[in-house]
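Single-structure report; data block below.
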Amino acid sequence: MQDQENELPKAYEPRSVEQKWYEYWMQQGYFTAKIIPDKKPFVIIQPPPNITGDLHLGHALTATIEDIMVRRHRMLGEPTLWLPGEDHAGIAAQVVVERALAKEHLTRQQIGREKFTERMWQWVNGCRANISNQHKRLGVSCDWTRECFTLDPGPSRAVRTFFVKLYEKGLIYRGERIINWCARCSTALSDLEVEHEEVGSCLWYIKYPLEDGDGYIVVATTRPETMLGDSAVAVNPVDERYKSLIGRRIKLPLTERVIHIVGDDSVSTEFGTGAVKVTPAHDPNDFEIGLRHNLAIINILNNDVTINENGGKFAGLERFTAREAVVDELNSYGLLEKTEPHTHAVGHCQRCRTIIEPIASQQWFVKIAPLAEPAIKSVKDGAITILPERFTKVYLNWMENIRDWCISRQLWWGHRIPVWYCDCGQTIVTADEPDSCPQCGSTQLRQDPDVLDTWFSSGLWTHSTLGWPDDTPDLRYFYPTTVMETAYDILFFWVARMIMMGIENTQQPPFRYVYLHGLIRDEKGDKMSKTKGNVVDPLEMMDKYGTDALRFAIINGIAPGNDSKLSATKLEAGRNFANKLWNATRFVLRHDGAIVAISEDLSLRPLEDRWIVSRLGTVTQEVDSLLKKFEFGEALRSIHDFLWGEYCDWYIELCKPRLLDNPAVSPLSVLVGVLETSLRMLHPFMPFVTEELWQHINQAFNIGGGDSIMIAAYPLPVETALDMEAESTIGLLIGIVRAIRNIRAEYEVEPNRLIEAAIYVGGKQAFLLPYINAMEVLAKAKVSVHAEKQAEIPIQALCIALENCEIVIQMSSMFDIRLETERIEKELTAVLAEIRRLELLLADKAFSDKAPVTVVEKQKEKLDALLGKMARLVEHKERIK
RNA sequence: GGGCGGUUAGCUCAGUGGUUAGAGCGCUUGCUUCACACGCAAGAAGUCAGAGGUUCAAAUCCUCUACCGCCCACCA
């Protein structure tokens with residue numbers, strides 16, 4: 001066994017073992033899910049990372065939490081599928097490649113759609129490999145044989161099939177609506193892709209003259225330039241101020257147009273002047289008013305948000321330049337009544353931060369309410385459970401107020417809309433590219449140039465990855481999946497849509513549980529972002545501390561749905577824990593002997609053996625129940641505290657004397673068994689170090705545990721594990737040892753000096769006797785145990801009362817009383833001298849008046865401390881007299 | 001405007017009705033103890049944001065207040 005020890009370095013070196021085991025696991029095919037018809041599978045479809053760059057800590061957290069669940073369920077013997085993939089990430093990825101092009105002073109328009117798409121695919125190939133490799137470094141046990149990409153043929157066909165299906169049901173339509181237009185990306189966006197931000201701006205009050213010259217009506221607006229597209233002024237019909245004006249005509253300033261004043265309920269009488277300019281082409285509210293009053297939709301903007309020909313002389317100006325020009329001109333005509341400061345929310349493009357412009361435009365939409373209804377029901381009924389529970393309300397609130405979803409994007413990267421147009425006017429909507437027009441037979445068909453919102457394909461992910469629309473064995477067996485685990489910030493983008501689409505396509509909710517984790521922030525609590533430069537690279541952390549340390553650091557202390565911060569100290573704690581396990585195992589491996597199961601002959605074993613087995617049982621129970629509740633942070637803490645605070649700090653130490661004495665009942669079986677079981681319990685959290693150590697133990701003690709810890713059994717709670725007698729007695733023992741150590745530290749007893757302690761326990765605890773010897777070394781106390789309390793306690797003794805016993809320590813055993821008395825005298829003299837000096841100093845008026853307050857205070861504090869010290873010394877002197 | 005979360009030891013956070021509120025890091029003191037200094041032992045440190053209420057019992061449940069953060073939202 002000595003050789004074995006030589007093989008193991010003194011400290012754990014992650015790099016040397018991680019790659020080895022990952023390759024071994026892959027080569028053994030442990031990650032590949034197998035269909036076992038009579039068993040219920042555990043299934044997680046991994047949230048596919050965007051192919052926009054490197055993995056960040058959020059991905060690491062997602063991957064780790066999912067790996068914990070997956071490894072546990074696999075160890076529990078369930079057929080387990082964790083399906084990995086990547087998302088083409090439509091606009092986000094296109095922005096990344098456009099930026100790369102910009103560095104070459106190129107735009108996508110310059111190189112054309114075909115060349116641009118080629119560039120995209122080049123990027124994808126590099127990025128996907130990168131993402132997979134980073135995932136592998138994290139130790140993820142996902143089934144790489146089933147890896148998917150959203151643009152793969154299968155998922156792509158699912159997208160087209162779904163589109164056609166919804167179109168045929170009348171749930172996808174094309175129409176002119178107000179959409180969010182990003183001029184930089186040159187595309188429409190869904191409402192979710194717009195991020196609102198409060199900005200300080202102005203409210204401009206503009207006079208609109210009545211056509212007949214009979215005065216004017218004042219409207220308030222935050223976007224004066226849009227007046228160029230006004231087609232009415234609206235007032236509330238109940239508003240006494242304006243009631244009589246309804247139907248009157250206005251000469252719209254800066255244009256030649258004459259518009260009407262209309263009455264509409266939607267106008268607030270409270271805000272602004274109570275009269276609102278109506279621009280149906282550039283405001284969702286106005287668009288609705290326009291529909292009700294049959295108003296013209298006058299689009300005044302080009303796609304690059306310059307003013308178009310409808311803006312008359314302002315044509316060609318950029319929107320904000322136009323705003324200034326319009327205001328100036330109005331002012332010069334005396335039509336600007338006033339300007340007020342005004343704060344309001346302005347929409348920005350989620351991907352490029354450009355200010356969004358609402359524009360009426362022809363786009364494709366999903367009529368969402370019919371899809372939302374069963375999705376709401378599935379959560380209300382409890383078919384899907386959202387954790388933590390508070391997100392249920394957030395989900396329902398959004399779903400119940402959901403609005404139609406704009407799914408067409410004027411991008412080049414993504415799933416092309418499966419719609420073809422023929423010159424004869426025919427529109428063909430089909431999953432497979434048509435050869436000719438069914439109406440006129442023409443082969444000159446034009447496919448719709450737009451692509452679909454990237455979330456349109458992600459929403460199908462739970463079943464498109466398993467083969468849908470085909471009826472495949474995977475789909476039949478693994479669907480519906482078990483848990484959808486992801487960050488709470490994509491609850492609407494992704495989770496809600498998966499539920500709607502999953503139910504629509506399969507009549508079943510796509511998963512049983514939604515578990516939402518929080519975001520990882522930097523040490524200051526800021527969201528990590530590349531522009532802020534506060535991004536922590538998981539790869540760097542793994543290089544520096546090891547993968548298990550990173551996994552420990554991001555799981556330890558987290559609560560479901562709560563954000564967390566990552567810091568170097570957490571990573572160090574993880575590394576230290578791995579190292580602690582490494583060394584505990586090294587200690588165990590130094591010993592040799594035959595091993596039996598820990599449950600065998602347990603009742604014949606000494607109390608400390610029964611104690612640690614009982615504690616293991618309790619921890620197993622805790623971990624089981626915590627993991628069932630998705631409390632990963634608490635479960636990890638529980639295992640950590642047990643291994644470090646009980647197994648290493650107490651059990652190993654309790655065993656040391658026994659291992660030297662070579663007693664009749666060797667602790668080795670329990671020493672090995674508890675460690676081996678704990679490693680299995682910890683494995684899902686820290687897969688590499690546990691595999692490495694478990695392999696050593698498995699071989700050295702010939703346990704026959706199998707080829708890998710990752711397919712060994714996960715420890716489950718056993719009813720009989722608890723041993724109250726052992727727990728209370730060893731608990732008492734620990735209390736005694738701590739008390740003695742405490743006294744030794746307090747009296748500064750030399751480390752090697754043995755002290756004499758007598759322990760008095762009630763008659764029932766007399767069995768403590770045989771185990772006191774084991775603790776003697778630890779406590780450096782020569783201990784005698786008495787069943788009953790002696791009538792007389794020796795005078796020069798220290799008495800410590802614990803819950804069930806009393807400890808009496810002879811003062812003379814802690815130090816030589818004569819020498820100690822001399823030492824105290826000496827110290828007292830010195831302390832008294834210093835006290836006198838300080839008292840004189842403080843009494844000196846010259847000092848207290850002239851010295852800075854802080855200096856005086858400091859001296860006072862010093863005096864207080866010395867007085868306290870003197871009191872303690874006097875008390876100590878009295879006691880040992 | 002609507003909703004949610006947070007406020008616990010110097011720092012980062014667990015704990016959500018039950019004796020004396022925990023951990024990691026930091027701090028103080030002492031240890032080259034034959035697994036580990038990425039360690040061991042001992043210690044100091046908290047009016048659990050504030051106020052009121054329910055209860056035998058509240059950090060935990062209820063109400064209100066304050067501050068911080070987040071999400072949703074078409075009042076121009």
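Taken over region A:621-670, the residue count meeting the criterion of being within 8 Å of RNA strand B (Cβ to nearest atom) and over 40 Å from the mean Cα position of the chain (by Cα) is 2.
Quickly run through region A:574-591 and pick out the residues that are closer than 15 Å to A:Val689 by Cβ and more than 7 Å from RNA strand B (Cβ to nearest atom). Listed by number, the residues that qualify are A:Gly574, A:Phe577, A:Leu581, A:Trp582, A:Thr585, A:Val588, A:Leu589. Going by what's in this entry, would A:Phe577 be described as in contact (Cβ under 8 Å) with a residue 40 or more places away in the chain and buried (at least 18 other Cβ atoms within 10 Å of the Cβ)? Judged against the criteria, A:Phe577 is a match. Residues in region A:436-476 that are under 17 Å from A:Lys165 (Cα atoms) and surrounded by fewer than 12 Cβ atoms within 10 Å (Cβ to Cβ): A:Asp471 alone.
Residue check: is A:Glu288 on the phi < 0 side of the Ramachandran plot and within 9 Å of RNA strand B (Cβ to nearest atom)? Before the answer, list the steps.
Details: on the phi < 0 side of the Ramachandran plot: yes; within 9 Å of RNA strand B (Cβ to nearest atom): yes.
Yes: the conditions hold for A:Glu288.
Would you kindly identify the helices (runs of 4 or more DSSP H) lying entirely within region A:88-175 that contain at least 3 residues that are modelled with pLDDT of 95 or more and among the hydroxyl-bearing types (Ser, Thr, Tyr)? Talk me through it step by step, then tell me what you get.
Numbers: elements: A:90-103, A:108-137, A:153-168.
Once the helices (runs of 4 or more DSSP H) in region A:88-175 are filtered for at least 3 residues that are modelled with pLDDT of 95 or more and among the hydroxyl-bearing types (Ser, Thr, Tyr), what remains is A:153-168.
Inspection of region A:631-647 identifies no residue that is assigned to a helix (DSSP H, G or I) and over 24 Å from A:Asp548 (Cβ atoms).
Here's the yes/no breakdown for (1) among the charged types (D, E, K, R); (2) within 29 Å of A:Ile217 (Cα to Cα):
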{"site": "A:Tyr333", "(1), (2)": "no, yes"}
{"site": "A:Thr343", "(1), (2)": "no, yes"}
{"site": "A:His348", "(1), (2)": "no, no"}
{"site": "A:Arg351", "(1), (2)": "yes, no"}
{"site": "A:Pro358", "(1), (2)": "no, yes"}
{"site": "A:Gln362", "(1), (2)": "no, no"}
{"site": "A:Phe365", "(1), (2)": "no, no"}
{"site": "A:Pro370", "(1), (2)": "no, no"}
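Tell me whether region A:689-699 contains one or more residues that are farther than 19 Å from A:Phe552 by Cα, over 40 Å from the mean Cα position of the chain (by Cα) and more than 14 Å from RNA strand B (Cβ to nearest atom). No, that holds for no residue.
Taking each residue of region A:163-179 that is hydrophobic (A, V, I, L, M, F, W, C) and looking for partners that are in a helix (DSSP H, G or I) with beta-carbon atoms closer than 6 Å, six or more apart or interchain, yields A:Ile172/A:Leu166; A:Ile178/A:Pro284; A:Ile178/A:Phe287.
Taking the conditions (1) within 9 Å of RNA strand B (Cβ to nearest atom); (2) under 21 Å from A:Ser361 (Cβ atoms) in turn, A:Asn310 satisfies each one other than (1). Checked against the criterion of being closer than 28 Å to A:Asn133 by Cα, assigned to a strand (DSSP E or B) and within 18 Å of the chain's Cα centre (by Cα), region A:488-509 has no qualifying residue. Per the conditions (1) within 16 Å of RNA strand B (Cβ to nearest atom); (2) out of contact with any Cys (no Cβ under 8 Å at 6 or more places or on another chain); (3) in contact (Cβ under 8 Å) with a residue 12 or more places away in the chain, the sole criterion not satisfied by A:Asp453 is (2).
Would you please name the residue that is nearest to RNA strand B (Cβ to nearest atom), looking only at residues in region A:360-406 that are aromatic (Phe, Trp, Tyr) and touching an Asp or Glu at 6+ places or on another chain (Cβ under 8 Å)?
A:Trp405
When only residues in region A:245-283 that are within 13 Å of RNA strand B (Cβ to nearest atom) and among the charged types (D, E, K, R) count, which is nearest to A:Ser231 (Cα to Cα)? Once the filter is applied, the top-ranked residue is A:Lys277. For A:Glu504, indicate whether it is away from RNA strand B (no atom under 11 Å from the Cβ), at pLDDT 95 or above and out of contact with any Ser or Thr (no Cβ under 9 Å at 6 or more places or on another chain). Yes, satisfied.
Residues that are within 8 Å of RNA strand B (Cβ to nearest atom), aromatic (Phe, Trp, Tyr) and touching a residue at least 60 places away in the same chain (Cβ under 8 Å): list the strands (runs of 3 or more DSSP E) wholly contained in region A:194-242 that include at least 2 such residues.
Details: elements: A:194-209, A:216-221, A:232-235.
Qualifying strands (runs of 3 or more DSSP E): none found.
Looking across region A:19-71 at every residue that is out of contact with any Phe, Trp or Tyr (no Cβ under 8 Å at 6 or more places or on another chain) and among the charged types (D, E, K, R), the one that is nearest to A:Asn534 (Cα to Cα) is identified as A:Asp54. A single member of A:Ala559, A:Ala594 is surrounded by fewer than 17 Cβ atoms within 10 Å (Cβ to Cβ), more than 10 Å from RNA strand B (Cβ to nearest atom) and either small (Gly, Ala, Ser) or part of a helix (DSSP H, G or I) (or both), and it is A:Ala594. Restricting attention to region A:354-383, the residues that are within 31 Å of the chain's Cα centre (by Cα), loosely packed, with under 13 Cβ neighbours inside 10 Å and either among the basic types (Lys, Arg) or under 28 Å from A:Ala296 (Cβ atoms) (or both) total 1. Of the candidates A:Ile809, A:Ile743, A:Ile817, the single residue that is more than 16 Å from RNA strand B (Cβ to nearest atom), among the aliphatic types (A, V, I, L, M), at pLDDT 70 or above and farther than 20 Å from A:Ile612 by Cβ is A:Ile817. Scanning region A:320-350 for residues that are farther than 13 Å from A:Cys202 by Cβ and within 14 Å of RNA strand B (Cβ to nearest atom) yields A:Ala345, A:Gly347, A:His348, A:Cys349, A:Gln350.
Can you find, within region A:243-253, the residue that is farthest from A:Phe320 (Cα to Cα) among those that are in contact (Cβ under 8 Å) with a residue 40 or more places away in the chain and in a loop (DSSP other than H, G, I, E, B)? Give the derivation first.
Taking region A:243-253 and keeping what is in contact (Cβ under 8 Å) with a residue 40 or more places away in the chain, we get A:250-253.
Next, only the ones that are in a loop (DSSP other than H, G, I, E, B) stay: A:252-253.
Numbers: A:Leu252: 20, A:Pro253: 19 Å.
Only one residue tops the list, namely A:Leu252.
Taking the criterion of being at pLDDT 95 or above and either in a loop (DSSP other than H, G, I, E, B) or more than 30 Å from A:Arg184 (Cβ to Cβ) (or both), the residues of region A:415-428 that qualify are A:His415, A:Ile417, A:Pro418.
Determine whether region A:728-739 contains at least one residue that is within 9 Å of RNA strand B (Cβ to nearest atom), farther than 22 Å from A:Asp609 by Cα, of a type outside the set (Lys, Arg) and surrounded by 13 or more Cβ atoms within 10 Å (Cβ to Cβ).
Step one: filter region A:728-739 for residues within 9 Å of RNA strand B (Cβ to nearest atom), giving A:734, A:737-739.
Narrowing further to those that are farther than 22 Å from A:Asp609 by Cα: A:739.
With the extra rule that they be of a type outside the set (Lys, Arg), the set shrinks to A:739.
Narrowing further to those that are surrounded by 13 or more Cβ atoms within 10 Å (Cβ to Cβ): A:739.
Scanning region A:728-739, I find at least one residue that is within 9 Å of RNA strand B (Cβ to nearest atom), farther than 22 Å from A:Asp609 by Cα, of a type outside the set (Lys, Arg) and surrounded by 13 or more Cβ atoms within 10 Å (Cβ to Cβ), so the answer is yes.
Filter region A:826-836 down to the residues that are surrounded by fewer than 12 Cβ atoms within 10 Å (Cβ to Cβ) and either at pLDDT below 80 or basic (Lys, Arg) (or both) and list them by number. If the condition is that a residue be surrounded by fewer than 12 Cβ atoms within 10 Å (Cβ to Cβ) and either at pLDDT below 80 or basic (Lys, Arg) (or both), then A:Lys826, A:Ala830, A:Arg836 are the ones that fit.
For region A:820-836, the candidate set comprises residues that are among the basic types (Lys, Arg) and within 21 Å of A:Glu746 (Cβ to Cβ); within that set, the residue that is farthest from the chain's Cα centre (by Cα) is A:Lys826.
Sub-7 Å Cβ pairs linking a first residue in region A:259-279 that is assigned to a loop (DSSP other than H, G, I, E, B) to a second residue that is more than 7 Å from RNA strand B (Cβ to nearest atom) and of a type in the set (Phe, Trp, Tyr), at least 6 apart or interchain, are A:Thr273/A:Tyr205; A:Gly274/A:Tyr242, ordered by first then second residue.
The values are calculated or read from the model by the stated rules, or taken from the named source; none is laboratory data. What you are looking at is a predicted structure, and each value in this text was computed from that prediction instead of being measured. In this analysis, Cβ positions are derived from the backbone assuming ideal geometry, glycine residues included, and neighbour counts consider all displayed protein chains.
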